[in-house]
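Chemist: Take a look at this one; I'll ask things after.
The values are calculated or read from the model by the stated rules, or taken from the named source; none is laboratory data. For clarity, every value in this text was computed on a predicted model and none was experimentally measured. Here the Cβ positions follow ideal geometry from the backbone for every residue, glycine too, while neighbour counts run over all protein chains shown.
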């Protein structure tokens, strides 16, 4: 543990770098007209990915930073699902041919709040609109508190083969503070149901830095999770941005751990997972040694997208649903956020694109550097510069930050590139930010570095 590094860099506000440039830099100058042109030119010889956003939950978790809404009724969800189906059709029609698809991810919100038959209709529509490959990974985010046996059966019959379960913390005091009451038995039952239906690839999501959370409660949660032996863990730090997410105002600042305590919680979780045989992936993912993420990391093929770390190599990501972000060879697009506006646009037979970003050659250069740092904790600047026809000397934007990280022993720099030193992995976002040409003109408040 390096308290000096935490004190020096822990309170920095930085992007998570799931894209570059990040979403706050998207502009309404990119609209539906641009997106339709981009769709028309999608390379059909390469598989693409689909992301579908389902912005509904049965209750609000006060830590949540996602675009989601609470409903106790099925009707709004069914209406929204019909909009998703039509948007998928409109997108496929704009492409003009059945685009091969190798990955599908249902996120939210809680996608499994859909009724089983509604979900099945949506998947059937996707299969008819796109060429979903036989080996495609179909993943879904699940709240174990609301997963039913019929829905689990529907997931299996629709070809879902990866499930990400939100756990966060099993500490009752923490659960009370974040308005998420979830027992270990509920989680274990969901895992058992999924595995019984041959949905064997299981991910768990954990959070640290939550109100009233302690190192011991983090460790207790990990120990319980290990009894269920998921394939992967994602371990995220809670981002407290009450100015952006008003429901977070129910969480008192006084109940939150400081940067040093957050770091200790994070490293305690990491060490427990490493001791249990998991392999660290980049900043915040862990996987069993035989997992495809580990193989991708060893081969230098690990990627980073809006779901975190992935072995998905597709350059085209089609985003469907409110707030969904798509990535095209030309740049990024994002859908309108309010559900009412989204459904109105789809009813008018329009795509829901409301803003985006056109990538420049400079952006592609910096995106390649940042992705390698985030994925490999190292980057060959000479090689990346040569591939993009850029001057290696121009790569670093914030020389003072790099020099400071080197002086603190967090980074080693050579004539060819740099690497993040052991014990400083938690500062990988700080390292990546030194190559971010947009950070000098911040467009939003980002989460803390630690």
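Chemist: Only one residue in 44, 50 is modelled with pLDDT of 90 or more and more than 20 Å from residue 322 (Cα to Cα), so which one is that? Show your work before the answer.
Modeler: Working: 50 fails: more than 20 Å from residue 322 (Cα to Cα).
Of 44, 50, the one residue that is modelled with pLDDT of 90 or more and more than 20 Å from residue 322 (Cα to Cα) is 44.
Chemist: Another question, then. Is there a residue in region 137-145 that is more than 21 Å from the chain's Cα centre (by Cα) and under 22 Å from residue 77 (Cα atoms)? Walk me through how you get there before you give the answer.
Modeler: Filtering region 137-145 for residues more than 21 Å from the chain's Cα centre (by Cα) gives 145.
The next check asks that each one be under 22 Å from residue 77 (Cα atoms); those that pass are 145.
Checking region 137-145: at least one residue is more than 21 Å from the chain's Cα centre (by Cα) and under 22 Å from residue 77 (Cα atoms).
Chemist: Can I ask one more? Go through (1) touching a strand residue (DSSP E or B) at 6+ places or on another chain (Cβ under 7 Å); (2) in contact (Cβ under 8 Å) with a residue 60 or more places away in the chain; (3) outside any strand (DSSP E or B) for residue 165 and report which single condition fails.
Modeler: (3)
Chemist: Among 395, 422, 410, which is surrounded by fewer than 16 Cβ atoms within 10 Å (Cβ to Cβ) and either over 25 Å from residue 42 (Cα atoms) or not assigned by TED's automatic domain parsing to the domain that holds residue 91 (or both)?
Modeler: Values: 395 fails: surrounded by fewer than 16 Cβ atoms within 10 Å (Cβ to Cβ); 410 fails: surrounded by fewer than 16 Cβ atoms within 10 Å (Cβ to Cβ).
Going through 395, 422, 410 in turn, just one is surrounded by fewer than 16 Cβ atoms within 10 Å (Cβ to Cβ) and either over 25 Å from residue 42 (Cα atoms) or not assigned by TED's automatic domain parsing to the domain that holds residue 91 (or both): 422.
Chemist: Does residue 362 fit the bill of being surrounded by fewer than 19 Cβ atoms within 10 Å (Cβ to Cβ), at pLDDT below 95 and in a helix (DSSP H, G or I)? So that I can check it myself, show each step before the final result.
Modeler: Values: surrounded by fewer than 19 Cβ atoms within 10 Å (Cβ to Cβ): yes; at pLDDT below 95: no; in a helix (DSSP H, G or I): yes.
Taking the combined requirement at face value, the residue does not satisfy it.
Chemist: Which one of 350, 401, 382, 386 is crowded, with 19+ Cβ neighbours inside 10 Å and either assigned to a helix (DSSP H, G or I) or in contact (Cβ under 8 Å) with a residue 24 or more places away in the chain (or both)? Steps first, answer last, please.
Modeler: Values: 350 fails: crowded, with 19+ Cβ neighbours inside 10 Å; 382 fails: crowded, with 19+ Cβ neighbours inside 10 Å; 386 fails: crowded, with 19+ Cβ neighbours inside 10 Å.
Of the residues listed, the single one that is crowded, with 19+ Cβ neighbours inside 10 Å and either assigned to a helix (DSSP H, G or I) or in contact (Cβ under 8 Å) with a residue 24 or more places away in the chain (or both) is 401.
Chemist: Please work out if residue 280 is over 20 Å from residue 102 (Cβ atoms), in the same structural domain as residue 214 (by TED's automatic domain parsing) and part of a strand (DSSP E or B).
Modeler: Values: over 20 Å from residue 102 (Cβ atoms): yes; in the same structural domain as residue 214 (by TED's automatic domain parsing): yes; part of a strand (DSSP E or B): yes.
Taking the combined requirement at face value, the residue satisfies it.
Chemist: Ok, one more. Answer yes if at least one residue in region 122-137 is assigned to a helix (DSSP H, G or I), closer than 18 Å to residue 199 by Cα, in contact with a helix residue (DSSP H, G or I) (Cβ under 8 Å, 6 or more places away or on another chain) and at pLDDT 95 or above, and no otherwise.
Modeler: no
Chemist: Go through region 286-299 and report how many residues are outside any loop (DSSP other than H, G, I, E, B) and surrounded by fewer than 19 Cβ atoms within 10 Å (Cβ to Cβ).
Modeler: 4
Chemist: Looking at residue 371, is it at pLDDT below 95 and either within 28 Å of residue 287 (Cα to Cα) or assigned to a helix (DSSP H, G or I) (or both)? Give the derivation first.
Modeler: Values: at pLDDT below 95: no; either within 28 Å of residue 287 (Cα to Cα) or assigned to a helix (DSSP H, G or I) (or both): yes.
The answer is no for residue 371.
Chemist: Of the residues 189, 183, which single one is surrounded by fewer than 19 Cβ atoms within 10 Å (Cβ to Cβ), within 17 Å of residue 142 (Cβ to Cβ) and without any contact (Cβ under 8 Å) to a residue 24 or more places away in the chain? Walk me through how you get there before you give the answer.
Modeler: Values: 189 fails: without any contact (Cβ under 8 Å) to a residue 24 or more places away in the chain.
Step by step, each of 189, 183 is checked, and only 183 is surrounded by fewer than 19 Cβ atoms within 10 Å (Cβ to Cβ), within 17 Å of residue 142 (Cβ to Cβ) and without any contact (Cβ under 8 Å) to a residue 24 or more places away in the chain.
Chemist: I need the full set of residues from region 156-170 which are surrounded by 15 or more Cβ atoms within 10 Å (Cβ to Cβ), farther than 17 Å from residue 228 by Cβ and more than 21 Å from the chain's Cα centre (by Cα), in order please.
Modeler: Pass one, region 156-170, residues surrounded by 15 or more Cβ atoms within 10 Å (Cβ to Cβ): 156, 158-170.
With the extra rule that they be farther than 17 Å from residue 228 by Cβ, the set shrinks to 156, 158-161.
Selection gives 156, 158, 159.
Chemist: Next question. Check residue 211 against each of (1) under 23 Å from residue 11 (Cβ atoms); (2) assigned to a helix (DSSP H, G or I); (3) out of contact with any strand residue (DSSP E or B) (no Cβ under 9 Å at 6 or more places or on another chain) and name the one condition it does not meet.
Modeler: Here residue 211 clears every test but (2).
Chemist: Right, another one. Can you tell which of 274, 302, 283 is buried (at least 18 other Cβ atoms within 10 Å of the Cβ), within 22 Å of residue 202 (Cβ to Cβ) and at pLDDT 95 or above? Full working, then the answer.
Modeler: Details: 274 fails: buried (at least 18 other Cβ atoms within 10 Å of the Cβ); 283 fails: at pLDDT 95 or above.
After applying the criteria, what remains is 302.
Chemist: Any residue in region 50-70 that is free of Cβ contacts under 8 Å to residues at least 24 places away in the same chain, assigned by TED's automatic domain parsing to the domain that holds residue 146 and touching a strand residue (DSSP E or B) at 6+ places or on another chain (Cβ under 8 Å)?
Modeler: Taking region 50-70 and keeping what is free of Cβ contacts under 8 Å to residues at least 24 places away in the same chain, we get 70.
Subset that is assigned by TED's automatic domain parsing to the domain that holds residue 146: 70.
Of the ones still in play, those that are also touching a strand residue (DSSP E or B) at 6+ places or on another chain (Cβ under 8 Å) are 70.
Checked region 50-70: at least one residue is free of Cβ contacts under 8 Å to residues at least 24 places away in the same chain, assigned by TED's automatic domain parsing to the domain that holds residue 146 and touching a strand residue (DSSP E or B) at 6+ places or on another chain (Cβ under 8 Å).
Chemist: Can I ask one more? Can you confirm whether region 79-97 contains a residue that is assigned to a loop (DSSP other than H, G, I, E, B), in contact with a strand residue (DSSP E or B) (Cβ under 9 Å, 6 or more places away or on another chain) and more than 30 Å from residue 211 (Cα to Cα)? I'd like the intermediate steps shown before the answer.
Modeler: We begin by selecting, within region 79-97, every residue assigned to a loop (DSSP other than H, G, I, E, B); these are 96-97.
Checking the rest, the ones that are also in contact with a strand residue (DSSP E or B) (Cβ under 9 Å, 6 or more places away or on another chain) come to 97.
Cutting the leftovers down to more than 30 Å from residue 211 (Cα to Cα) gives us 97.
Looking for residues that are assigned to a loop (DSSP other than H, G, I, E, B), in contact with a strand residue (DSSP E or B) (Cβ under 9 Å, 6 or more places away or on another chain) and more than 30 Å from residue 211 (Cα to Cα), one finds at least one in region 79-97, hence yes.
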